[in-house]
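Structure first, then comments.
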């Protein structure tokens, strides 16, 4: 079986839990991650990915988080967008 090195980012708590699991297991961290990923894919999680949060919902969730943390204020968007004419989107051939 061929293999490739992959760099992934995980929260520190997850890395610590993985290290603890590795200490009590004959498998390496890579083997544990591979087994978990294979199980995830076998469980039909690809269908769950299709039903994942839409981009709009993710955007609004992020805006809400930023407002709760104080990075955004309700008044930041109080000015209405200007009604400038939009350029034509069609290409004209003369």
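The values are calculated or read from the model by the stated rules, or taken from the named source; none is laboratory data. Computed from a prediction, not measured in an experiment: that's the story for all the values here. Using ideal geometry, Cβ is built from the backbone for each residue, glycine included, and neighbour counts are taken over all protein chains shown.
So here's what we get for this one:
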| quantity | calculated |
| --- | --- |
| All positions within the range 23-42 that are touching a helix residue (DSSP H, G or I) at 6+ places or on another chain (Cβ under 8 Å) and in a loop (DSSP other than H, G, I, E, B) | 25, 27, 28 |
| Condition met for residue 37 (closer than 30 Å to residue 21 by Cα and at pLDDT 80 or above) | yes |
| Residue 45 being surrounded by 10 or more Cβ atoms within 10 Å (Cβ to Cβ), at pLDDT below 75 and out of contact with any helix residue (DSSP H, G or I) (no Cβ under 6 Å at 6 or more places or on another chain) | yes |
| Qualifying residue in the range 68-76 (condition: modelled with pLDDT under 85, surrounded by 10 or more Cβ atoms within 10 Å (Cβ to Cβ) and not in a loop (DSSP other than H, G, I, E, B)) | yes |
